[in-house]
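Heads up, the thing below is written out as structure tokens.
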């Protein structure tokens, strides 16, 4: 079970992702990991790392079904034995969450606008949904502790599958 401190740190990193320089217009994956802090100030201190995974733009544009479909494809292939992980974070790193950042269009009776979305799933099954309109300074954040499958973003099944596949990866 992730602590409140860890959940809060994940949320903070996802908020920062809405302003990320790594984001180039096409969707971007984020892998969120932690490990014990090198110089802990408290006994259970952990160091959080967010790794952007910039996949080729054609992957996102050539697949029917959009972001959700691509996440399903990635989840199915994430356990391929030739996949190489960046293990520079150390052997005691643990994967906490996976996220996808993408631009979308919001349509409401009085509004049609571009919107930036960040959606994530953590190891406890929490769903994080962030959205930010271009003219707003802050993102709207929803963290759902017990997501109802009928009320989750379309990316939820793919993110959950990808997180599960990444956590099954053998350590080298």
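Compared with the direct C-alpha span, the chain from residue 142 to residue 59 gains 27.1 nm at full extension, assuming 0.36 nm per residue.
Using a Gaussian network model of the chain in which every pair of alpha carbons under 10 angstrom is joined by a spring, one finds that among 152, 107, 95 the greatest mean-square fluctuation is at 107. State log₁₀ I(q)/I(0) for the stretch 107-172 at q = 0.11 Å⁻¹ as given by the Debye formula over alpha-carbon point scatterers of equal weight, solvent excluded. Treating every Cα as an identical point scatterer, log10 I(q)/I(0) equals -0.35. Quick one: helix 4-17 against the long Cα principal axis of the chain, what's the angle to the nearest 10°, folded into 0 to 90? Tilt of helix 4-17: around 50 degrees. Computed on the stretch 1-73, with alpha-carbon pairs under 8 angstrom and 6+ residues apart, the relative contact order is 26 percent.
Net length available on complete extension from residue 103 to residue 47 is 17.3 nm, with 0.36 nm assigned per residue and the Cα-Cα distance removed.
Arranged by the count of other C-beta atoms within 10 angstrom, fewest first, what order do 71, 55, 111, 159 take? Present the calculation step by step, with values, prior to reporting the outcome.
Details: 71 25, 55 13, 111 9, 159 28.
Final ranking by Cβ density, sparse to dense: 111, 55, 71, 159.
For the pair residue 19 and residue 113 in one chain, pulling the backbone fully straight at 0.36 nm per residue adds 32.1 nm over the alpha carbon distance. Using C-alpha pairs under 8 Å with a sequence gap of at least 6, the mean separation divided by the residue count of the stretch 4-167 gives a relative contact order of 25 percent. For the chain, the alpha-carbon coordinates run over 51, 37, 33 Å along the three principal axes, in decreasing order.
We did not get these values from a lab; they are worked out from the coordinates using the rules stated. Please read these numbers as outputs of a predicted model, since none were measured by experiment. Don't worry about glycine lacking a Cβ; one is built from the backbone with ideal geometry, like all the others, and counts go over all protein chains shown.
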